1. Condition check: of a type in the set (K, R) and in contact with a His (Cβ under 9 Å, 6 or more places away or on another chain). Does K99 satisfy that?
2. Determine which single condition I61 fails, assuming it passes every other condition in (1) assigned to a loop (DSSP other than H, G, I, E, B); (2) open to solvent by 50 Å² or more (accessible area, probe 1.4 Å); (3) modelled with pLDDT under 95.
3. Would you call A43 at pLDDT 95 or above, small (G, A, S) and open to solvent by 40 Å² or more (accessible area, probe 1.4 Å)?
4. Of the residues that sit in segment 70-91 and are under 17 Å from N26 (Cβ atoms) and assigned to a loop (DSSP other than H, G, I, E, B), which one is least open to solvent (accessible area, probe 1.4 Å)?
5. Under 7 Å between Cβ atoms, at least 6 apart or on separate chains: pull out the pairs that start in segment 174-185 with a residue that is of a type outside the set (A, V, I, L, M, F, W, C) and end on any residue that is open to solvent by 30 Å² or more (accessible area, probe 1.4 Å) and in a strand (DSSP E or B).
6. Tell me which of these N14 doesn't satisfy, since it passes every other one: (1) open to solvent by less than 50 Å² (accessible area, probe 1.4 Å); (2) closer than 21 Å to P128 by Cβ; (3) in a loop (DSSP other than H, G, I, E, B); (4) at pLDDT below 95.
7. Name every residue in segment 17-38 that is within 19 Å of the chain's Cα centre (by Cα) and part of a helix (DSSP H, G or I), in order of residue number.
Amino acid sequence: MVFVLGNSVKVGENAPAFIIAELSANHNGSFERAADIVRAAKAAGANAVKLQTYTADTITIDCDREPFRINGGTLWDGHTMHELYKMAATPWDWQPELKRLADELGILLFSAPFDPSAVDFLEKMDVPAHKIASPELVDDELLTCVAKTRKPVFLATGLADAEEIEHALEVLDKHGSGAVVLLHCVSAYQASTDEMNLRTLPDMAARFGRLIGLSDHSTT
């Protein structure tokens, strides 16, 4: 199994490792820092940079009740989820500019959308692929919207069980998705080496019959 991203980057069996650098919220609210991360990813030899495309209002609700407050000894204790996501989100008006920079540098750029409006926005940017975060494997509306783009999909599995993975694949296949890469992921930040369980990679390949990758949160 192999497919091509962009004009010439092969992903799959017997192809070189395809490395995706995560920008996420590491911009710390600075466009220049975000642009520098894209440049650093290119300089480090990554094949692609991945963003996250959401707003606070599309990923959570503005509520200060206890279930929506952050506790547990983190840097964000006392904030609500809505406040955190508002700080962490990559502004949508930055994203076409970052895509243009990536194109100039010769590195691919795509994103993880969290609702259909984000998919529509990313399609206008002409991204080469989409990524689905593991909590969204049960969001049939989002999966359907992504599948209908006919583009390759990177599907994280960290918070999903086997039944949820199978269901997500069925939805994507039903609606004509491009190639799907399942990403083994341990949803701990950071994940220790003894938590990585890399034997899951060949098991997933045999169980689901898809290309398999690693979404690496480890310290190594």
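1. Values: of a type in the set (K, R): yes; in contact with a His (Cβ under 9 Å, 6 or more places away or on another chain): no.
In short, no.
2. Just one mismatch for I61, condition (3).
3. On the way: at pLDDT 95 or above: yes; small (G, A, S): yes; open to solvent by 40 Å² or more (accessible area, probe 1.4 Å): yes.
For A43, the condition - at pLDDT 95 or above, small (G, A, S) and open to solvent by 40 Å² or more (accessible area, probe 1.4 Å) - is met.
4. Ranking the candidates gives T90 first.
5. Matching pairs, first to second residue: H184/I212; H184/L214.
6. The one condition N14 does not meet is (1).
7. Once the filter is applied, which keeps residues that are within 19 Å of the chain's Cα centre (by Cα) and part of a helix (DSSP H, G or I), segment 17-38 yields A34, A35, I37, V38.
The values are calculated or read from the model by the stated rules, or taken from the named source; none is laboratory data. Keep in mind that what you see is a predicted model, and the values were worked out from it rather than measured. FYI the Cβ positions are ideal-geometry reconstructions off the backbone, even for glycines, and counts take in every protein chain you see. Surface accessibility is based on the protein's heavy atoms, side chains included, excluding ligands, DNA and RNA. Shrake-Rupley method; radii C 1.70, N 1.55, O 1.52, S 1.80 Å.
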